[in-house]
Every structure is written in structure tokens, then in C-alpha cells.
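The values are calculated or read from the model by the stated rules, or taken from the named source; none is laboratory data. Computed from a predicted model, the values in this text were never measured in an experiment. Note that we place each Cβ from the backbone using ideal geometry, even for glycine, and neighbour counts take in every protein chain shown.
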Amino acid sequence: MNVLGLSAFYHDSAAALVIDGALVAAAQEERFSRKKHDDCFPANAIAYCLEAGDVAPDGIDMVVFYDKPMTTFVRLLRTHFRVGPAGFRSFQIAMPLWLKQKLWIPYEIERGLKNLGYRMPRRKLFFAEHHESHAASAFFPSPFESAAILTFDGVGEWATSSIGAGHGNSLELQHQLYFPNSIGLLYSAFTQFCGFRVNSGEYKLMGLAPYGEPRYVDEIMENLIELRDDGSFSMDMSYFDYLGGLTMTNRKFAQLFGGPPREPESEISPRELDLARSIQVVTEEIVLRMARYAADITGERNACLAGGVALNCVSNGRRLREGPFERLWIQPAAGDAGGAVGAALYGWHQILGNPREVDQVHDGMSGAYLGPSFSDDEIELYLQANGWPYKRIDESSRWAEAVARCVADGDVVGLFVGRMEFGPRALGHRSIIGDPRSPAMQSIMNLKVKYRESFRPFAPSVLAERASDYFGLDVESPYMMLVASVREDLRARNGVENGDGHPTDLRDWVNEVRSTIPAVTHVDYSARVQTVNKEQSPEFHAVISAFDKLTGCGTVINTSFNVRGEPIVCTPGDAYRCFMRTEMDHLVLGRCILDKQLQPEWTQDQDGWHDDLVLD
């Protein structure tokens with residue numbers, strides 16, 4: 001039986017396919033359209049999933065959408081009526097889209113499938129609630145027979161956070177926090193105030209937090225929110241403008257924090273560093289209280305997490321260290337894209353009542369490697385057709401050693417192997433990799449390859465069997481969803497801070513050597529770790545193993561294969577284009593290795609190509 005899950009029309013549209021209970025394919029529309037956070041009907045993602053599952057034109061048995069649009073529409077109407085004339089501009093912008101498209105989602109889905117050559121199943125279109133989809137994406141693919149479930153994001157229909165439990169093939173949400181009180185919107189308000197884009201730049205705020213001091217925690221707790229022991233809270237909406245305005249915050253918010261919002265792309269001041277640290281501290285306190293309450297009311301020792309706030313890996317690391325749960329499983333595509341996975345699995349288990357098999361160890365996400373792949377022969381034909389020089393190495397150990405040698409020589413390598421990852425993290429199949437031992441590598445990769453701010457940290461990908469040699473981590477972290485500390489014996493103690501705890505220059509502080517793996521060691525001696533095991537990702541594991549054999553270092557830098565403002569690459573063409581636009585040294589397309597110095601001059605889009613990218 002084929003169940004198609006969809007998320008669309010808000011942000012991060014995606015599709016997922018479940019066949020007889022197994023998640024066989026999932027992809028975000030942005031990877032095909034090349035429009036970051038694409039919210040359009042996911043026609044390309046659907047076409048890929050159905051082709052990957054070899055689904056016949058009349059073979060779709062059920063379609064499940066991740067949201068209940070009519071309930072969301074009612075919330076929007078009630079919100080606009082509540083704020084009155086002050087919200088007219090927002091109302092004027094939102095209503096045409098709703099009246100033209102979002103109120104007609106069943107017809108949009110039927111028309112979209114028809115255009116792709118597929119028949120809409122009769123009376124088999126279902127709508128899950130937004131947080132039910134998040135909860136399903138968290139629990140059903142997890143390795144646990146039973147677990148507490150926590151979801152938190154900006155807002156679904158009305159709910160913004162939920163606590164529930166899953167048992168076997170069913171789940172139930174028991175407690176919810178409702179709009180406008182939202183941990184996701186609170187964090188996004190600070191994201192926008194600090195000059196970054198909402199629903200895009202929140203991870204930047206998390207990356208900035210360790211550079212600051214928690215100077216504003218009291219102001220937040222005393223003025224903006226009233227936090228209760230169970231993690232629920234009320235927000236003082238007089239400081240915010242997102243109910244009916246076009247911005248997240250207002251003048252009163254700016255007065256509380258000493259002046260107007262930071263202009264995007266302007267210099268980052270100590271105030272932004274301290275605001276980032278302060279809202280991170282508050283966020284961690286909220287989710288820790290929620291976790292303790294969830295453990296109390298469910299009696300569960302395992303927990304599953306989803307929703308955009310579950311991507312806050314600093315908070316996840318602290319929750320794992322301090323409890324109350326013994327084990328965590330976090331949906332790697334925790335945001336709205338993952339709602340497509342949740343919707344499909346919700347249909348199979350919750351609606352149809354089909355059983356679920358778990359072994360308490362392995363999850364159902366296949367390492368998040370659920371996207372398209374390209375054979376070595378396909379790649380070679382593509383390269384030959386374009387006349388681009390390459391070297392093909394079919395023998396696995398020689399190939400891995402050749403890639404590792406490039407990294408060991410200090411080169412930046414684009415790695416394109418296997419199936420594309422689903423979710424926001426590159427996990428070694430669509431990655432840019434480098435040598436973590438190099439003190440200059442973080443700046444080189446940020447400024448010359450990624451074209452992004454120098455403060456942005458890079459993640460280490462480490463052999464799972466060697467993770468404890470480098471990090472304070474005693475569990476696997478295959479999806480890069482946990483932050484752990486770099487081991488004490490690897491750290492270097494020096495600093496360029498001035499008297500009040502801020503750096504004399506942020507760039508100097510970023511480039512400070514803090515450990516024997518400085519390129520992946522953040523300012524607070526932490527790292528966002530991906531553990532790589534041979535079973536889930538044999539190619540990436542082989543490369544890191546070969547690098548370990550050459551250098552004695554069992555970890556590499558891993559960042560997503562894209563430039564700032566661009567989705568992660570999907571096809572060999574996307575990868576070659578990104579390779580030639582940047583200062584990467586080598587490109588690995590399957591078994592084919594390309595040297596930048598041997599490539600012909602790239603003239604296709606040299607002028608202004610980055611102007612089309614929406615920065616976050």
C-alpha cells in the first residue's frame with residue numbers, strides 16, 4: 001500500500017512516500033526548484049518519490065496532508081479581528097493567497113497529481129493536525145516501542161507546543177500551548193531583531209550565542225514571558241507585532257533592549273551577541289521544564305522530539321546531559337518538511353491502524369538518505385558530454401584514500417555520493433569537507449567557499465567508533481542534532497577577549513585556536529557532532545577512515561554542499577556549478593574525482609548569479 005505525505009504552502013514544502021509501512025523516499029521541493037525554503041506545491045518532490053517507489057499512475061492509495069488549513073484560516077481571521085485596523089496590511093497581504101490557493105488544497109493536490117500523470121485516490125485524502133504530523137514524524141520512525149513526545153515550533157493551526165506519548169502504533173497529544181504564546185515565535189522575534197531572516201536565520205542566532213553573555217535573561221523573564229513550572233508560558237504581546245503587523249517586534253521591544261533592530265548584513269555588535277546568548281538560555285530553560293513535565297505525566301524514560309525548535313541542537317545536548325530522559329530521538333527533518341514524513345506515517349499507523357515493528361536500536365529514517373541518487377555511469381556520461389576532465393577510481397579503498405589525501409593536503413572537497421539527505425543537515429552525501437586540524441580552515445570555508453559570515457561554526461563528522469576520543473558524547477548522533485563538548489585534553493587555553501568578556505574583534509575570536517581540531521571547536525569548546533557508522537554511510541565512513549589512517553585524526557569538517565542562500569545541491573549539475581562558482585579545490589562525484597585546476601574556465605553565470613539568492 002502506497003501512502004503519500006505532503007507538506008506545502010507555508011514554507012519548506014516536501015513529499016514523502018511510505019510503502020507497506022516503510023519510508024522509502026522523501027525530499028524537499030527546494031532541492032529541485034533551487035529556491036530555498038520553497039513553499040509551492042511540491043510537484044518535483046512528489047514525482048521523485050513516486051518514481052523512487054515505482055508507483056503506478058493509479059497506485060497511490062492514500063494522501064495525507066500535514067496540516068488542517070481550514071482551522072488555520074479560522075485562526076488568521078480571529079487574529080485579524082482581534083487586532084482590528086492595525087492588522088489591515090497583514091490581512092490584505094494574506095487573504096488573496098488564502099482565497100486563491102490555501103482554501104482549495106484538496107483541489108490543488110488533485111490537480112497537481114493529475115499534471116504529473118497520477119490519479120487521486122477517491123475518498124482517501126486526509127488532513128492531520130500540524131502538531132500531530134510533527135509528533136508522528138518524531139515517534140513512528142523512532143526505535144522506541146513507547147516514548148514521551150515533545151513538539152515545538154512557531155505555530156500550527158492553534159498549537160505551538162505539545163506534549164504527548166506514543167505506544168506501539170498510536171500516539172496521543174495530551175497537553176498543548178496555544179498561539180500567540182510560542183517558543184518558536186519568541187526565538188524568531190529575537191532572530192529578526194538581530195538582523196536575520198525568520199524561518200531561516202534562527203540557526204545563526206544559536207551559533208552566535210556562545211560569543212555573548214546572558215545579560216538580558218532577567219529582562220526577558222520579567223517583561224516578555226511568564227514561565228510556569230511545566231514549561232508553559234504567557235507572552236506579553238505589547239512587545240510584539242506578529243499578530244497583525246509585518247514585523248515580529250515593535251518599538252517597545254526595541255526600547256527594552258536599548259535601540260532599534262540591527263540592520264541585516266551590518267556589523268554585529270556586542271548587544272546582538274548578548275541577546276543571542278540570553279534567548280538561548282531562556283529557550284533551554286523552557287524546553288527543560290517541558291521535558292521534566294512530560295516525563296512526570298507520561299512516566300516514559302525515552303523521548304521523541306520534532307518541530308523547528310527541535311533543531312536547536314545546543315538545547316538538545318543539554319536535555320540529554322541533564323535528563324530527565326535516558327534516551328532521545330530527534331526527527332532529523334524536524335521542521336515543516338518533516339511534516340510530510342509524519343503525515344505519511346500518521347496515515348499508515350494512526351488512521352489505518354497498521355502495526356509497527358521496532359528493535360529499540362535502529363530507526364526508520366535510513367540515515368535520512370532518502371533522496372535521489374545517481375549511478376557512476378550516469379555521472380560519467382554527464383561529465384563526458386560536457387567535456388569536463390575527471391579521474392574515475394572504481395576500487396573502493398583507493399577511491400577513499402584519494403579523497404582523504406586531498407583533505408589531508410589542506411584542500412576543500414565537495415563530496416557528492418549516494419542518496420541525497422532529507423532535512424536541513426548534510427550528512428556526508430551532499431557535503432563540503434575539510435581538515436579540522438587547520439586553524440585557518442573555518443575562515444577559508446566560510447569566506448571563500450560558503451560566502452557567509454565568518455562566525456558561523458562548522459560541524460565535525462567523526463567515526464562513530466572514535467567519537468569518545470574527541471567529544472564528551474556517549475551516544476550516537478547520526479543526524480548532527482546534538483552539541484557535545486570537545487574533550488578537555490584536546491583543548492588549548494588562550495584568548496583574545498577584552499575586559500568585559502567580548503572579543504576585541506569578532507573575527508579574531510573566531511580564528512582563535514581552541515583545540516587540536518580548531519576548525520570544528522566553537523568558542524565555548526563545543527561542537528555539533530555527527531557520528532558516522534559504516535552501516536548507514538559506507539562511503540563517508542570509508543573517507544574518514546582513510547583520513548584517520550593518513551593523519552591519525554578520525555574526524556573531518558562537514559558542511560552542506562551549497563553557498564549561502566542556495567539549497568543543498570541535488571544533481572551532479574548542481575554540484576559542478578557550485579564547485580566552479582566557489583574556491584573549492586576538488587569535486588567528488590561518485591567515483592569520479594575532479595581537480596579545479598584542470599577544469600576549463602567557468603563562464604556560464606559569472607556575473608551576478610548570487611544576486612538571485614535570498615540571504616538569511
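Show the residue pairs meeting these rules: Cβ distance below 7 Å; 6+ apart or different chains; first residue within the range 420-434 and touching a residue at least 60 places away in the same chain (Cβ under 8 Å) and under 23 Å from Gly342 (Cα atoms); second residue in a strand (DSSP E or B) and among the β-branched types (Val, Ile, Thr).
Note: pairs meeting the criteria are Ala426/Thr559.
Looking only at the range 225-279, which residues are in a loop (DSSP other than H, G, I, E, B) and either out of contact with any helix residue (DSSP H, G or I) (no Cβ under 9 Å at 6 or more places or on another chain) or closer than 19 Å to Ala209 by Cβ (or both)?
Met248, Phe257, Gly258, Pro261, Arg262, Glu263, Pro264, Glu265, Ser266, Glu267, Ile268, Ser269
Conditions first: (1) farther than 30 Å from Val74 by Cβ; (2) of a type in the set (Asp, Glu); (3) without any contact (Cβ under 8 Å) to a residue 40 or more places away in the chain. Glu226 passes all but one, so which condition is the exception?
That leaves (1) as the condition not met.
Could you name every one of the helices (runs of 4 or more DSSP H) located completely within the range 1-104 that has at least 1 residues being under 30 Å from Ser238 (Cβ atoms)?
In the range 1-104, the matching helices (runs of 4 or more DSSP H) lie at 69-83, 88-100.
Considering only residues of the range 105-129 that are among the basic types (Lys, Arg) and in a helix (DSSP H, G or I), which is nearest to Tyr48 (Cα to Cα)?
The selected residue is Lys114.
Can you name every residue in the range 520-530 that is part of a strand (DSSP E or B) and either buried (at least 24 other Cβ atoms within 10 Å of the Cβ) or hydrophobic (A, V, I, L, M, F, W, C) (or both)?
Ala527, Arg528, Val529, Gln530 - these are the residues of the range 520-530 that are part of a strand (DSSP E or B) and either buried (at least 24 other Cβ atoms within 10 Å of the Cβ) or hydrophobic (A, V, I, L, M, F, W, C) (or both).
Could you tell me whether any residue of the range 569-583 is outside any strand (DSSP E or B), surrounded by fewer than 15 Cβ atoms within 10 Å (Cβ to Cβ) and touching a Pro at 6+ places or on another chain (Cβ under 8 Å)?
No, because not a single residue in the range 569-583 is outside any strand (DSSP E or B), surrounded by fewer than 15 Cβ atoms within 10 Å (Cβ to Cβ) and touching a Pro at 6+ places or on another chain (Cβ under 8 Å).
Of the residues Phe179, Phe126, Phe140, Phe190, which single one is among the aromatic types (Phe, Trp, Tyr) and touching a Phe, Trp or Tyr at 6+ places or on another chain (Cβ under 6 Å)? Steps first, please.
Values: Phe126 fails: touching a Phe, Trp or Tyr at 6+ places or on another chain (Cβ under 6 Å); Phe140 fails: touching a Phe, Trp or Tyr at 6+ places or on another chain (Cβ under 6 Å); Phe190 fails: touching a Phe, Trp or Tyr at 6+ places or on another chain (Cβ under 6 Å).
The match here is Phe179.
Select from the range 412-421 the residues that are of a type in the set (A, V, I, L, M) and part of a strand (DSSP E or B) and list them in ascending order.
Across the range 412-421, the qualifying residues are Val413, Leu415.
Could you say which residue among Asp336, Asp409 is within 24 Å of the chain's Cα centre (by Cα) and among the acidic types (Asp, Glu)?
On inspection, the qualifying residue turns out to be Asp336.
Of everything in the range 76-109 that's over 22 Å from Glu157 (Cβ atoms) and surrounded by 12 or more Cβ atoms within 10 Å (Cβ to Cβ), which residue is modelled with the highest pLDDT?
Arg89
Filter the range 13-38 down to residues that are of a type in the set (D, E, K, R) and over 20 Å from the mean Cα position of the chain (by Cα), then give me how many there are.
Number satisfying all stated conditions: 1.
Identify all residues within the range 169-224 that are at pLDDT 95 or above, in a helix (DSSP H, G or I) and among the acidic types (Asp, Glu); write none if there are none.
Asp218, Glu219, Glu222
Checking His502 against (1) within 30 Å of Gly323 (Cβ to Cβ); (2) in contact with a helix residue (DSSP H, G or I) (Cβ under 7 Å, 6 or more places away or on another chain); (3) modelled with pLDDT under 95, which test does it fail?
(1) is the only condition that His502 fails.
Answer yes or no as to whether Met221 is surrounded by fewer than 17 Cβ atoms within 10 Å (Cβ to Cβ), among the hydrophobic types (A, V, I, L, M, F, W, C) and under 30 Å from Arg528 (Cα atoms).
On the way: surrounded by fewer than 17 Cβ atoms within 10 Å (Cβ to Cβ): yes; among the hydrophobic types (A, V, I, L, M, F, W, C): yes; under 30 Å from Arg528 (Cα atoms): yes.
Criteria met by Met221.
I'm checking my understanding of the structure. Among residues of the range 311-338 that are part of a helix (DSSP H, G or I) and hydrophobic (A, V, I, L, M, F, W, C), which one is farthest from Gly423 (Cα to Cα)?
Here the residue is Leu320.
If you go through the range 192-208 one residue at a time, do you hit one that is of a type in the set (Phe, Trp, Tyr), more than 19 Å from Asp524 (Cβ to Cβ), surrounded by 21 or more Cβ atoms within 10 Å (Cβ to Cβ) and touching a residue at least 40 places away in the same chain (Cβ under 8 Å)?
Within the range 192-208, the first condition is being of a type in the set (Phe, Trp, Tyr), and the residues that meet it are 193, 196, 203.
Subsequent filtering for residues that are more than 19 Å from Asp524 (Cβ to Cβ) retains 193, 196.
Those still in the list that are surrounded by 21 or more Cβ atoms within 10 Å (Cβ to Cβ) too: 193, 196.
Still in the running and touching a residue at least 40 places away in the same chain (Cβ under 8 Å): 193, 196.
Yes, the range 192-208 has at least one match.
Considering only residues that are farther than 20 Å from Arg425 by Cβ and of a type in the set (S, T, N, Q), look in the range 543-568 and name the one that is surrounded by the most Cβ atoms within 10 Å (Cβ to Cβ).
It comes out as Ser545.
How many residues does the range 390-411 hold that are of a type outside the set (Gly, Ala, Ser), surrounded by fewer than 16 Cβ atoms within 10 Å (Cβ to Cβ) and assigned to a loop (DSSP other than H, G, I, E, B)?
Total meeting the criteria: 3.
Is it the case that the range 25-48 has a residue that's within 15 Å of Gly347 (Cα to Cα), surrounded by fewer than 22 Cβ atoms within 10 Å (Cβ to Cβ) and touching a residue at least 24 places away in the same chain (Cβ under 8 Å)?
Restricting attention to the range 25-48, the residues satisfying the condition of being within 15 Å of Gly347 (Cα to Cα) are none.
No: the range 25-48 contains no residue that is within 15 Å of Gly347 (Cα to Cα), surrounded by fewer than 22 Cβ atoms within 10 Å (Cβ to Cβ) and touching a residue at least 24 places away in the same chain (Cβ under 8 Å).
Which numbered condition trips up Ala148, out of (1) crowded, with 18+ Cβ neighbours inside 10 Å; (2) among the small types (Gly, Ala, Ser); (3) in contact with a Lys or Arg (Cβ under 7 Å, 6 or more places away or on another chain)?
So Ala148 meets the others, but not (3).
Just the residues that are more than 16 Å from Cys194 (Cα to Cα), in contact (Cβ under 8 Å) with a residue 24 or more places away in the chain, surrounded by fewer than 16 Cβ atoms within 10 Å (Cβ to Cβ) and not hydrophobic (A, V, I, L, M, F, W, C), please, taken from the range 230-269.
Across the range 230-269, the qualifying residues are Ser234, Gly245.
Against the definition (modelled with pLDDT of 95 or more, more than 23 Å from Arg75 (Cβ to Cβ) and surrounded by fewer than 18 Cβ atoms within 10 Å (Cβ to Cβ)), how does Lys114 come out, yes or no?
Taking the combined requirement at face value, the residue satisfies it.
Which is modelled with pLDDT of 95 or more and surrounded by fewer than 21 Cβ atoms within 10 Å (Cβ to Cβ), of Leu305, Leu288? Give the steps one after another, and end with the answer.
Working: Leu305 fails: surrounded by fewer than 21 Cβ atoms within 10 Å (Cβ to Cβ).
Every option except Leu288 fails the conditions.
Return the total of residues in the range 270-295 being in contact (Cβ under 8 Å) with a residue 40 or more places away in the chain, in contact with a Gly (Cβ under 8 Å, 6 or more places away or on another chain) and over 22 Å from Ser162 (Cβ atoms).
The total comes to 8.
Are any residues in the range 343-389 among the acidic types (Asp, Glu), in a helix (DSSP H, G or I) and surrounded by 12 or more Cβ atoms within 10 Å (Cβ to Cβ), and if so, which ones?
Asp376, Glu378, Glu380
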